[in-house]
1. Report yes if ALA17 is within 30 Å of SER173 (Cβ to Cβ), more than 8 Å from the ligand (Cβ to nearest atom), at pLDDT 95 or above and small (Gly, Ala, Ser), otherwise no.
2. Can you go through GLN119, GLN125, GLN114 and tell me which one is touching a Pro at 6+ places or on another chain (Cβ under 6 Å) and away from the ligand (no atom under 12 Å from the Cβ)?
3. Just the residues that are within 14 Å of the ligand (Cβ to nearest atom), at pLDDT 95 or above and over 23 Å from HIS182 (Cβ atoms), please, taken from region 72-98.
4. Within region 95-123, track down each residue that is within 18 Å of TYR148 (Cα to Cα), within 16 Å of the chain's Cα centre (by Cα) and part of a helix (DSSP H, G or I).
5. Do you know which residues across region 37-60 are part of a helix (DSSP H, G or I), closer than 25 Å to ASN2 by Cα and within 7 Å of the ligand (Cβ to nearest atom)?
6. In region 143-189, what count of residues is obtained for those that are basic (Lys, Arg), surrounded by 14 or more Cβ atoms within 10 Å (Cβ to Cβ) and assigned to a helix (DSSP H, G or I)?
7. Given the options GLU186, GLU118, GLU175, GLU131, name the one that is among the acidic types (Asp, Glu) and modelled with pLDDT of 95 or more.
8. Under 6 Å by Cβ, and 6 or more places apart or on different chains, what pairs join a residue from region 23-39 that is touching a residue at least 60 places away in the same chain (Cβ under 8 Å) with one that is aliphatic (A, V, I, L, M) and not in a loop (DSSP other than H, G, I, E, B)?
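The values are calculated or read from the model by the stated rules, or taken from the named source; none is laboratory data. Quick caveat, the model's predicted, so the values are computed rather than measured. FYI the Cβ positions are ideal-geometry reconstructions off the backbone, even for glycines, and counts take in every protein chain you see.
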Amino acid sequence: MNIILFGPPGAGKGTQAKILEREYGFKQLSTGDMLRAQIAEGTELGLQAKTVMDQGRLVSDEIVIGMIRSYVESGACVKGAVFDGFPRTIAQAEALDLMLSDLGRTIDIVVELQVEDEQLIARIQNRAHEEGRSDDTLKAFKVRLDAYRNYAADVLPYYQGKGIRRPVNGMQSVECVSEDLHAVLERDA
Ligand code: AMP
């Protein structure tokens, strides 16, 4: 099964993706984590991406599609994948459809984690404290939230049109969100 976890920064995508990885054996594919790994390794790609990420803007389609492609084509996610933070543009969504269809696979469910802005801000401030991410400043966060609203307005209707968009209330405890997520997957996939 292939799932997309969609939602604003701080919605809990990474947390829920890790739970799904543990419980179902799906592979979490987080473009944000992949980019942060490149930055930590000091690669050329990481250097390019860091400036853009620190400003809260989107990294180019070419870079993120290339990273996802290498994982999908490596067969690392035969049991299924949880795409976390990808796709963020229609070009990314279309590229993902193509690379999966080449393998005879498809996206089964797009879970939209819904969380109100005030709670997102509180969570991001907490994460900045705990993880020290350089894009978790209030200023960069507001740009990321704006970017989210813009790309969500493109990408969500794309999956709505395919009939696979499912909203989940992300304003609950981690355990309750996870239970709702399981219920959606058992019911619809
Ligand atoms: P995330 O960890 O998903 O919040 O991503 C952190 C940052 O990485 C984003 O604010 C973007 O700058 C960049 N990024 C992650 N995924 C993508 C993507 N699919 N498309 C473009 N930029 C991305």
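1. yes
2. Checking each option against the conditions leaves just GLN114.
3. PRO87, ARG88, THR89, ILE90, ALA91, GLN92, ALA93, GLU94, ALA95, LEU96
4. LEU120
5. none
6. 1
7. Testing whether each residue is among the acidic types (Asp, Glu) and modelled with pLDDT of 95 or more leaves just GLU175.
8. Listed by first residue and then by second, the contacts come to nothing, as the list is empty.
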